[in-house]
Amino acid sequence: MDQEIEKYIKEYNVSRETFARLCNFFNLLEEWNLKINLVSKNSLADGWIRHVLDSMQLINYLPANLQNLVDIGSGAGFPGVVLAILLAEKQPRAKVYLVESITKKTLYLKDVCQKLGLDNVEIINERVENVVFKNVDVVTARAVAALDVLCGYAVKIGQRNTKMVLLKGRKYAEENLEAQKRWSYHYAVYPNKYSEDGVIMVIRDIRKKK
């Protein structure tokens with residue numbers, strides 16, 4: 001890891017243990033990526049910025065009294081595993097649910113969480129629409145589905161005060177207009193610190209229009 005990335009990591013004021021967990025997580029990702037397709041091989045060259053730091057920035061948008069976070073389509077562990085690592089230090093009472101429908105990816109997630117000692121994580125091998133949750137505070141997702149679809153998931157698994165914190169790409173504005181045809185919600189858009197094309201969308205009070 002180069003000095004520039006270490007500098008970025010330090011901005012999040014994490015302990016040595018948390019920093020070591022992040023390093024171990026990235027190493028496990030590289031190992032497993034040789035077995036199954038988790039992320040593109042080309043993206044691993046700058047994977048710390050493109051994947052790890054990209055996920056880490058979401059910690060700034062989570063409530064201070066977080067109890068339950070559901071990460072939809074956890075796949076390679078972004079942002080779910082990264083947030084679980086940070087929350088283990090910053091909010092140890094928070095529970096992170098990693099929902100992934102592809103079995104081989106859940107095997108990877110289980111191996112990672114076991115080796116990292118992440119006791120705050122539950123991995124669910126199921127489609128999110130088939131899972132019942134209680135008291136979901138936050139829903140996260142990255143490169144999983146269009147905003148219209150994500151709103152439907154959030155309404156089904158969450159409550160009125162459930163908030164979505166999403167990493168979205170350059171088409172976020174188009175997705176937003178499309179989603180607003182069926183859903184009513186309050187939202188804010190923030191710049192992605194590590195991607196010129198990306199944004200962070202924070203959405204709350206999601207209701208289906210009549």
Antiparallel bridge percentage (DSSP; both residues within the chain; nearest 5): 40 percent
Summed residue charge, Cβ within 12 Å of Tyr97's Cβ, Lys/Arg positive, Asp/Glu negative: -3
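Using Cβ contacts closer than 10 Å as the measure, can you line up His51, His186 from fewest to most?
Numbers: His51 23, His186 10.
By the 10 Å Cβ count, ascending: His186, His51.
Add -39500 (n - 2.57) for each DSSP H run of 4 or more in the chain, then divide by its residues: what number comes out at 222 nm, to the nearest 500 deg cm²/dmol?
Values: 6 runs with 70 residues, N = 210.
Value at 222 nm, helices only, nearest 500: -10500 deg cm²/dmol.
Expressed in nm², what is the orientationally averaged projection area of the convex hull enclosing the Cα positions of the chain? Working shown, then result.
Details: hull surface 44.1 nm².
Result: a mean projected hull area of 11.0 nm².
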Relative contact order %, the range 99-210, counting alpha carbon pairs below 8 Å whose residues are six or more apart: 23 percent
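Tell me, Kirkwood radius of the range 152-210 from alpha-carbon pair distances, in Å? Walk me through the numbers before you get to the answer.
Details: mean 1/r = 0.0833 Å⁻¹.
It is 12.0 Å.
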In nm, spacing of pseudo-spin labels at Lys193 and Ile5 (7 Å Cα→C-beta vector): 1.6 nm
Longest segment of the chain lacking GluC sites (Glu not before Pro) that sit in a DSSP loop with at most 16 other Cβ atoms within 10 Å: 12-125
For the range 59-122, the spread of Cα positions along each principal axis, largest first, Å: 33, 21, 15
Cross-link table Lys35/Lys115; Lys41/Lys105; Lys134/Lys168; Lys90/Lys115, entries beyond 23 Å C-alpha to C-alpha: Lys134/Lys168
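Give me the number: length gained by fully extending Glu89 to Ser43, i.e. 0.36 nm times residue separation minus the C-alpha to C-alpha distance, one decimal in nm.
13.8 nm
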Gap separating the Cα centres of the range 123-176 and the range 89-115, nearest whole Å: 17 Å
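Every number here is computed from the coordinates shown, using simple stated rules; none is lab data. All figures in this text were calculated on a predicted structure; none of them were measured in a lab. All Cβ positions, even for glycine, are placed from backbone atoms using ideal geometry, and neighbour counts span all protein chains on display.
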